[in-house]
Amino acid sequence: LMRNADTAMYHAKQMGRNNYQFFTQAMNDAAQERLLLENDLRHAVERGESTLHYQPQLDLKTGRIVGFEALVRWLHPQRGMVGPWQFIAGAEETGLIGQIGEWVLREACSQARAWHRAGHTELQVSVNCSAQQFQRESFVESVGGILRASGLPAQRLDLEITESIIIQHSEAVNARFQALDDMGVRISIDDFGTGYSSLSYLKRFAIHQLKIDQSFVRDISSDPDDAAIVSAIIAIAHSLGLQVVAEGLEAPEQLAFLRSLGCDVAQGYYFSKPVPAEEFARLLESWNPSARVVATA
């Protein structure tokens, strides 16, 4: 009875607190599934079952690949490829997100440096950074150590953080922002427009780039509200000297609209899904800038 009550309480917290939930067997099944996944995740970290996929980011003026986002995947021995939406929440609850995040950062920087040595010296790597990871006192020191070990120039690393990190811990993270900026590392606000979107921090902190969430990009060619929001974000960012990246680009009409607004960079399935390193390397060698971007101008 106590176990079932605890399961119902956990579900109530997931629903936003300040509510009540009756226990159902489905809750128990979900809890068991979550527990199994979390246990497997601990073993995954120990056994090195994580891998990275890379999604290209394109300059919308030239059509060139100017960077990529490194996205973690879990190669589960029984389940196969597990996407981050299935295990990141569990990693945060168990505290494993810091260890996973540091591995992702180290692996992504090493891979970026390898592509630099192959001649693609302008590539920038974007890495998602969790709140737990960013709030660690040793975070800046860890980033510096990874950059030195990999040989990647700090100016080619872009750390993507969420608005909640700034709002909830504005004073605590201010020094970290400044230290990273002094180092040369770039900072992006991920999923901009979906959180608090307080414009005050855009001038208070060393931020270099805004990433427009795909929920706004998806319907920009058909929904006037989304079009207005995207237009406003790009205008504000440019007036403050910030770059803009649009996520989730999937159709030529979306591309045409973003280019008409002067959006700087875009990524999405229209160009390429996230792919393993070997496939991304082939993409770099064979990419034709005019095939997707310039020709649609």
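The values are calculated or read from the model by the stated rules, or taken from the named source; none is laboratory data. Keep in mind it's a predicted model, so treat the numbers as computed, not measured. With ideal geometry, Cβ positions are generated from the backbone for all residues, glycine too; neighbour counts draw on all protein chains shown. All accessible areas refer to the heavy atoms of the entire protein, side chains included, with ligands and DNA or RNA removed. Shrake-Rupley method; radii C 1.70, N 1.55, O 1.52, S 1.80 Å.
Quick check on my filter: what residues within segment 256-265 are in contact with a helix residue (DSSP H, G or I) (Cβ under 6 Å, 6 or more places away or on another chain) and open to solvent by less than 10 Å² (accessible area, probe 1.4 Å)?
Correct list: Cys263 only.
Of the conditions (1) at positive phi; (2) touching a Leu at 6+ places or on another chain (Cβ under 6 Å), Val244 satisfies every one except a single condition; which number is it?
(1)
Does segment 217-226 contain at least one residue that is of a type in the set (Val, Ile, Thr) and either part of a helix (DSSP H, G or I) or buried (at least 21 other Cβ atoms within 10 Å of the Cβ) (or both)? Spell out how you get there, then give the answer.
Keep residues of segment 217-226 that are of a type in the set (Val, Ile, Thr), which gives 217, 220.
From the residues that got through so far, the ones that are either part of a helix (DSSP H, G or I) or buried (at least 21 other Cβ atoms within 10 Å of the Cβ) (or both) too are 217, 220.
Checked segment 217-226: at least one residue is of a type in the set (Val, Ile, Thr) and either part of a helix (DSSP H, G or I) or buried (at least 21 other Cβ atoms within 10 Å of the Cβ) (or both).
Condition test on Cys129, is it modelled with pLDDT under 95 and crowded, with 18+ Cβ neighbours inside 10 Å?
Criteria met by Cys129.
Going through Arg148, Arg113, Arg136 one at a time, which residue ends up being modelled with pLDDT of 95 or more, more than 16 Å from Phe280 (Cβ to Cβ) and among the charged types (D, E, K, R)?
Arg148
Only one of Ala114, Ala108 is open to solvent by less than 60 Å² (accessible area, probe 1.4 Å), within 20 Å of Ala277 (Cα to Cα), in contact with a strand residue (DSSP E or B) (Cβ under 7 Å, 6 or more places away or on another chain) and part of a helix (DSSP H, G or I); which?
Ala108
Can you tell me which residues in segment 152-176 are open to solvent by less than 10 Å² (accessible area, probe 1.4 Å) and either closer than 18 Å to Val265 by Cα or modelled with pLDDT of 90 or more (or both)?
Of everything in segment 152-176, those that are open to solvent by less than 10 Å² (accessible area, probe 1.4 Å) and either closer than 18 Å to Val265 by Cα or modelled with pLDDT of 90 or more (or both) turn out to be Leu152, Leu157, Asp158, Leu159, Glu160, Ile161.
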